[in-house]
Amino acid sequence: MAARRWYWWLSGSVIVLDQGTKLLAETLLIFHQPVPVLPSFNLMLTYNTGAAFSFLDDAGGWQRWFFLGLGLLVSIGLIVWLRRLKSEDHWLAAALALILAGAVGNLIDRAWFGQVIDFIQVYYDHWYFPVFNIADISINIGAALLVLDSLRRRNA
């Protein structure tokens with residue numbers, strides 16, 4: 001049981017990192033003004049009232065409550081799943097903890113502000129990837145680990 005607590009610390013640490021970087025972004029960046037950091041990488045404050053890639057961003061406001069409820073249900077499901085894991089399920093626990101952290105990080109934004117704070121912009125030439133945040137990175141890394149764990153189990 002004690003070994004599993006590490007994954008709760010992983011989730012909590014990512015949530016704190018996510019919220020801290022969002023606070024810094026709101027404090028130090030000006031809305032929609034890119035700050036070049038590296039070639040093809042800017043910091044740029046923006047807000048997303050929709051879901052991934054601004055899906056339903058202009059839906060009129062109901063989407064806040066829909067995504068808030070959906071995020072809450074997903075988070076509860078992930079907590080239940082994490083609590084039921086066997087102690088040897090390290091990769092799966094790390095994957096779920098990262099996905100949970102990202103979901104909660106964006107859920108906090110929706111609850112407090114009605115939108116998600118994004119500030120990481122990656123681009124190439126004239127192609128710009130949608131602006132994202134640490135919570136989004138955590139969800140994507142967790143999803144990749146989930147796929148890798150699934151493949152590892154299938155080949156075991």
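The values are calculated or read from the model by the stated rules, or taken from the named source; none is laboratory data. Not measured: the values here are computed from a predicted model. All Cβ positions, even for glycine, are placed from backbone atoms using ideal geometry, and neighbour counts span all protein chains on display.
Looking only at the range 110-128, filter to residues that are at pLDDT below 95 and in contact with a helix residue (DSSP H, G or I) (Cβ under 9 Å, 6 or more places away or on another chain); which one of those is surrounded by the most Cβ atoms within 10 Å (Cβ to Cβ)?
Among them, the one singled out is Val116.
Name the residues in the range 81-108 that are farther than 17 Å from Trp6 by Cα and either surrounded by fewer than 23 Cβ atoms within 10 Å (Cβ to Cβ) or out of contact with any strand residue (DSSP E or B) (no Cβ under 8 Å at 6 or more places or on another chain) (or both), would you?
The answer is Ala103, Val104, Gly105, Leu107, Ile108.
Being modelled with pLDDT of 95 or more and surrounded by fewer than 20 Cβ atoms within 10 Å (Cβ to Cβ) is true for just one of Gly60, Gly69, Gly20. Which residue is that?
That would be Gly20, the only listed residue that is modelled with pLDDT of 95 or more and surrounded by fewer than 20 Cβ atoms within 10 Å (Cβ to Cβ).
Please count how many residues of the range 106-137 are assigned to a helix (DSSP H, G or I) and of a type outside the set (Gly, Ala, Ser).
If we filter the range 106-137 for residues that are assigned to a helix (DSSP H, G or I), which is where we start, we get 106-113, 134-137.
Next, from what is left, pick out any that are of a type outside the set (Gly, Ala, Ser): 106-110, 112-113, 134, 136-137.
Selection size over the range 106-137: 10.
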